[in-house]
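This report concerns only the one structure given below.
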Amino acid sequence: MTPLLDVRDLKIEFKTDTGTFMAVDGVSFTVNRGATLGIVGESGCGKSVTSLGIMGLIPTPPGRYVGGEVLFEGRDLLSMSNSERRALRGGRMGMVFQEPMTSLNPVYTVGAQIIECLRAHGMTNRREARERAIELLDLVRLPSPSKRVDDFPHQLSGGQRQRVMIALALANNPDLLIADEPTTALDVTIQAQILDLMRDLSDRTGAAIMLITHDLGVVAETCDDVVVMYAGKVVERAPARDLFNGPMHPYTLGLMAAVPRLDTNSDRLETIPGSVPPPWAMPAGCRFASRCPLATEECRASQPPLREIGKDWLVACWRAPIEEISV
Amino acid sequence: MTTPKTPALPTPVLEVSGLTKHFPLGGGFLQGSKHVVQAVSDVSFSVGKGETLAIVGESGCGKSTTGRALLRLLEPTSGSVKLDGEDISKLPPHRLQALRRNMQMVFQDPFGSLNPRMTVRETLLEPLLLHNIATGKRAHETVNKLLVRVGLAPHHADRYPHEFSGGQRQRICIARAISTRPRLIVCDEPVSALDVSVQAQIVNLMQDLQRDFGMAYVFISHDLSVVRHIADRVAVMYLGRIVEEAPAESLFADPRHPYTRALIQAAPRPVPGLRVASEPPSGEAPSALNLGPGCAFASRCPLATDLCRSTRPEIDAVDGGPTRIACHHADQRAPMVFPPAPTPTPALAARLAVMANARNSMT
């Protein structure tokens, strides 16, 4: 079965004052129908550029697609015309961004914005579109939707605005929902509501979700599969349960150990020494080598490819499985 | 921290009673109708020497306003703040400046809280010279020592803030805060803007500094996991008031206030399939502009009754112990079932051991 979304060796670079650098450097993964894929990593790892790149929303210049393919049901989004891509976005591909305030237009009511999206994708009857808008607001559990449909974004709270964004993304029954840090700006109780809602909707409509986040807790609770990115590359890709039970890559191990836990108490947090190399000084070998206690000459000299290490489990590390190393 | 620290001394470092900050809204469109935002209402707590009190809550609960009012960066509407027994809420400005030597602040945004036109050296020299802590050559030596103490190097002193990463900037802010050897540091979301791996470095640094210098922290945060890790005691705020205050251990083992319970249940845990089967609180929080006479959480509370909607519960000690809560019905709470902390799989334990061994053999 062809996956819904198949990203192959995606490369995106940016031109800046300090030079040209590759923000996304050969990223590959697939999203299956009805599944939820999480993309995690710390700031600057390229996760957001990946999601914008898939939607064809990279501003060029300064950005440039250097190579790769983004196959949506087998058709390459990157070689499509702009109008073909526009027909998919907001239609079969819905998007939710982190900032619910800046991604809604402040001078139109939320209803008008949902109706515009519905009409742009083929629903011509205005009255029908309004009814559908109210139905969508009800679906995302906005209280008294038939009244709130005429509210402006500033009249809603942050959580309510994010629910409107989700309603907007779901307006045309998308097959794929791309959510870039959808709950990062929200309080935890509201975050729990939004995540429940997204899970529930994907169960009900069968939409696949690609969730970009820095929060490992959110990933564990929401995703079936996980892609871990570091400095523009995928370092590990695995089913969520396997990844959280015992990550293979030293970076994933370090990241998980650094998360303070609510369920256990430790005296000291684990840290990953050092910091991510700056984009203009990427090493020739493994990008994590300078921070990795297991790094060898080989790690510093050449980049490890992503290779299979278990069922549906890929890791880019010369030394994995590391439990077989004797120190 | 698992090890309890020395019990608070008779005179706490910080004693806050009845702290209130209301912001009047008026003029412009609202002319004639005066509204008041009750950002902080009747907040009382104390912090002992070398102790960490965390203030947690969601956005708009008044935790940052409380932090600023403590240092009089915002003038409180009423209430008193005592530092080492001295009431600072009425001090004239010149006395206040001298007093700031003993109470410092670290802010959330390490980009906005350093002057971009000052080198790190200039930034760190300022408090030293202002408070006559060191002058001349000794001041420069102190700057170098401070940098080393927070994990930077003396050669960083002549750089500008934009040359540093977020974590490094937060180290500079911390160096500035400890330069006057304060008794108290108010930290407002000091690690919220940082990535997980950097966050861990800064949290560890703050704990090391507290152990070495013995200052108290008021640690303001929305992140319960970080709070559990760093705090000795926790105060939970909701819409301007403390609803529960307890030692960290007991707060996380047996949260009493329905809001605290909702917060803990809603926090995502990095364990797949462990989603606590409970409804996140539904309903909407009331606006801080028109709080009714009852409990502010009543509109979202599963235990709420008519009593809650008509009469606000006062905060009171429970069983004579150190825990205080503001709830009419907390006795009726159902036992809270926590998902057990997962034991690491053998493969994970083996991998972590290899990593730890390798790291140890490098140092």
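Coordinate-derived values only; no laboratory data. What you see is a predicted model; the values in this text were computed from it and never measured. Cβ sites come from the backbone with ideal geometry, for glycine too, and all protein chains shown count toward neighbours.
Values computed for the structure shown
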| quantity | calculated |
| --- | --- |
| From the C-alpha gyration tensor of chain B, square roots of 5λ in Å | 35, 29, 19 |
| Alpha carbon Rg of the stretch B:197-274, scaled by the compact-globule rule 2.2 N^0.38 Å | 1.20 |
| A:GLY38 long-range amide H proximity, modeled H, under 5 Å | A:LEU211, A:ASP224, A:ASP225, A:VAL226, A:VAL227 |
| P(r) tail fraction, the protein assembly as shown - alpha-carbon pairs more than 37 Å apart, % | 43 percent |
| Cβ charges +1 (Lys, Arg) and -1 (Asp, Glu), total dipole of the protein assembly as shown, debye | 1320 debye |
| For the stretch A:250-327, average projected area of the Cα convex hull in nm² | 7.1 nm² |
| Antiparallel content of DSSP bridges confined to chain B, in %, to 5 | 60 percent |
| Cα pair distances in chain A, grouped into 10 Å bins until the bin that holds the longest one, percent each | 6, 25, 32, 24, 11, 3, 0, 0 |
| Quotient of C-alpha Rg and 2.2 N^0.38 Å, computed over the stretch A:287-327 | 1.18 |
| Entries of B:LYS82/B:LYS137; A:LYS47/A:LYS147; A:LYS147/B:LYS63; A:LYS15/A:LYS233 with Cα pairs more than 26 Å apart | B:LYS82/B:LYS137; A:LYS47/A:LYS147; A:LYS147/B:LYS63 |
| Rounded, prolate or oblate (a/c below 1.5 giving rounded, otherwise prolate when a/b exceeds b/c) for the stretch A:151-285 by Cα gyration tensor | prolate |
| Charge dipole (debye, nearest 20) of chain B; +1 at Cβ of Lys and Arg, -1 at Cβ of Asp and Glu | 860 debye |
| Averaged over A:218-231, number of beta-carbon atoms from partner chains that fall within 10 Å | 2 |
| Selection from B:VAL81, B:THR142, B:SER287 lying farthest towards where the dipole of the protein assembly as shown points positive, charges on Cβ | B:THR142 |
| Scaled radius of gyration (Cα, divided by 2.2 N^0.38 Å) that the stretch A:42-172 gives | 1.16 |
| Virtual spin-label span in nm between B:PHE111 and A:ASN82, 7 Å along Cα→Cβ | 2.9 nm |
| ³J(HN,Hα), Karplus 6.51/-1.76/1.60, whole Hz, each residue of the stretch B:142-147, x for Gly, Pro | 4, 4, 4, 5, 4, 4 |
| For residues of A:166-177, the mean tally of beta carbons on other chains within 10 Å | 0 |
| Sorted peptide list for A:171-182, A:52-63, criterion being average Cβ within 10 angstrom, highest first | A:171-182, A:52-63 |
| Averaged over A:264-276, number of beta-carbon atoms from partner chains that fall within 10 Å | 6 |
| Cα radius of gyration and Dmax for the stretch B:212-340 (Å) | 15.3, 51 |
| Considering only the protein assembly as shown, percent of DSSP beta bridges that pair antiparallel, nearest 5 | 60 percent |
| Gyration tensor (Cα) of the stretch B:302-355, equivalent ellipsoid semi-axes in angstrom | 43, 15, 9 |
| Highest average packing first - A:65-72, B:228-235, Cβ atoms within 10 Å | B:228-235, A:65-72 |
| Cα long-axis angle, helix A:158-170 against chain A (0 to 90 degrees, to the nearest 10) | 80 degrees |
| Charge dipole of the stretch A:174-262 about the Cα centre (unit charges at C-beta), most positive-ward option of A:THR252, A:VAL188, A:ILE209 | A:THR252 |
| Average projected area [Cα convex hull, the stretch B:65-108], square nanometres | 3.2 nm² |
| Linear extension gain, B:ARG359 paired with B:ASP331, 0.36 nm per residue minus alpha-carbon span | 5.2 nm |
